[in-house]
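The values are calculated or read from the model by the stated rules, or taken from the named source; none is laboratory data. Note that this is a predicted model, so its numbers are computed, not measured. Glycine also receives a Cβ, built like all others from the backbone with ideal geometry; neighbour counts cover every protein chain displayed.
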Amino acid sequence: MRVKSLRQQSRNFGHQNRVMLKRSPLLLSFLLLLFVLFLGGCISPKDKIVQAKLLKTESATQAELVNEVNRFARVNSMRAKMDLKFEDNSFAESGIAEKYKTADGEVVVQRPANILLKVQVPIIKSDVAQMTSNGTNFRVAILQDGGDGRYKKFVMGSNNADYSLLQEQVKKTDLDNGKVIKQNVNAFSNLRPQHFTDAMLVRPMDTQNYSYLTSTILQEEVDFDAIKKKSPLGWVLRGYYLLDELKKEADGSLKIVRRFWFDRIGGIRLARQQIFDEKGEIESDIIYGQEGNLGANGDYNNLPLRITVTRPKEKYKMRLTYQTPEAVSVGKTYPEKAFVLENTWDLEEVDLDKKLQEVRSQKSLTENSNSATKVQ
C-alpha cells in the first residue's frame, strides 16, 4: 500500500509541475536560461576572435594641452639639413601615388612666416630647386626638371592666391600630351615654401582672439611592420585628445582654424596638426613623428625629428627628417633679404598673379561672347 501511495504522489507531483510550467511561461523561460548558461560555461569556443587592442590612456587638462603647443612654439627660428621625401598624389583617386628618391634639403625658417628651402641631388649636391617665402609672397626657382630644361623657370606668386584656375588651363592646353601633363603635376610644380612654415614653426595659442574646445577620440590604427613581427601592437585602438582652435565670425558663427591631436599613450605628445581653410576644408595635414633633441645645448628637447606634410589640394606629401638633429641651429636671427629669392640664374620668369588675371579676363570674355550668341 505504501509503494502504491508513493507512486501516486510522484504522478501527482509531475502533473503539478506540468501544470505549473503551462501556467507560468516565465518560469519555463528562466529554466531554459539556466540550461543555456550551464552549457555555455561547459563549452569553450573553437575559434578565437582577434580584435584591436585597446591601449591604456593618460589624462591631461586643456591648460596642459595648450602648454604643450606653446612649448613647440618656443622655436622662433631654425636652420637644418634634412632628408626630403616627396610623394606625388595626383593620381590618388585611382589609388596610385608616385614616390621619389630622397633628396637633400637645407631649410631656414624664422617667425612670423619666413622660409628658405633648398633641394639638392644627393652625393653631387647639385641644386634641384630653391624657394623662399616672406609670409606674403613666394618665389620658386626650378633649376633642374629631369628633361630638356623647358620647365626650368623662376616662378613668383602670392601666398593666399588660389591658382586652381591656372592648373585647369594647363590641363586643357596639354590634354593631348600626357607626358607634359605628368611633368606639370609631379615634383615641384605645386610645391610652395609656405606650406612648411606652420609645420616647423607652430603658431602659439591665442586665447584672446580664439576659443578652444577639447574632446577625445579612439583611432583604430594598423602597423603592418608590427603585424609582420606578430606583435600585439600591430592593430590597436589608440586614444587621442583633440584640441580645436575656433574663430568667431562677424555673424556669430564659429569657424575651425586648427585642430591638434595629442597621443595619450605613455604620456601626452603632440602628434598631429591640421590647418583648415576659409571653407573648413583641410589645407595642411601635419604628422609629427618620434621625438628627440634638437641642437647641442639641451634647450630644445622632446621635439619631432620627422615631420610629414600632406597638402590635399595640391595633391602631394612631403616628409622632412633631420639628418643630424644635434647639429640643428635654433634661435638665431636672419636678415629679411635671406627670404626673398633673386633670379641670379637668368631663368624665364613666370608671374602667376599676372597669368591668373589674364586667364580670368579671357574666361570672362568667352562667357560674355557665349551669352551674346545665345541671345541672338
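Candidates in segment 190-218 are the residues that are touching a helix residue (DSSP H, G or I) at 6+ places or on another chain (Cβ under 6 Å) and buried (at least 18 other Cβ atoms within 10 Å of the Cβ); of these, the one that is nearest to L84 (Cα to Cα) is V202. Just a yes or no: is a residue in segment 219-236 buried (at least 19 other Cβ atoms within 10 Å of the Cβ) and either on the phi < 0 side of the Ramachandran plot or modelled with pLDDT under 95 (or both)? Yes, that holds for at least one residue. Say whether the condition of being part of a strand (DSSP E or B), surrounded by 14 or more Cβ atoms within 10 Å (Cβ to Cβ), touching a Gly at 6+ places or on another chain (Cβ under 6 Å) and not polar (S, T, N, Q) is met by at least one residue in segment 324-340. Yes, there is a match, as at least one residue in segment 324-340 is part of a strand (DSSP E or B), surrounded by 14 or more Cβ atoms within 10 Å (Cβ to Cβ), touching a Gly at 6+ places or on another chain (Cβ under 6 Å) and not polar (S, T, N, Q). Only one entry of V257, V309 meets the criterion of being of a type in the set (V, I, T), over 30 Å from L54 (Cα atoms), in a strand (DSSP E or B) and modelled with pLDDT of 95 or more, and that entry is V257.
If only residues of segment 206-232 that are acidic (D, E) and in a loop (DSSP other than H, G, I, E, B) are counted, the one that is nearest to V69 (Cα to Cα) is D206. When N343 is tested against (1) of a type outside the set (G, A, S); (2) buried (at least 18 other Cβ atoms within 10 Å of the Cβ); (3) in contact with a Phe, Trp or Tyr (Cβ under 6 Å, 6 or more places away or on another chain), exactly one condition is not met: (2). Of the residues making up segment 243-253, those that are in a strand (DSSP E or B), surrounded by fewer than 19 Cβ atoms within 10 Å (Cβ to Cβ) and out of contact with any Lys or Arg (no Cβ under 6 Å at 6 or more places or on another chain) number 2.
In segment 260-292, the residue that is farthest from D162 (Cα to Cα) out of those that are of a type in the set (K, R) and in a strand (DSSP E or B) is R269.
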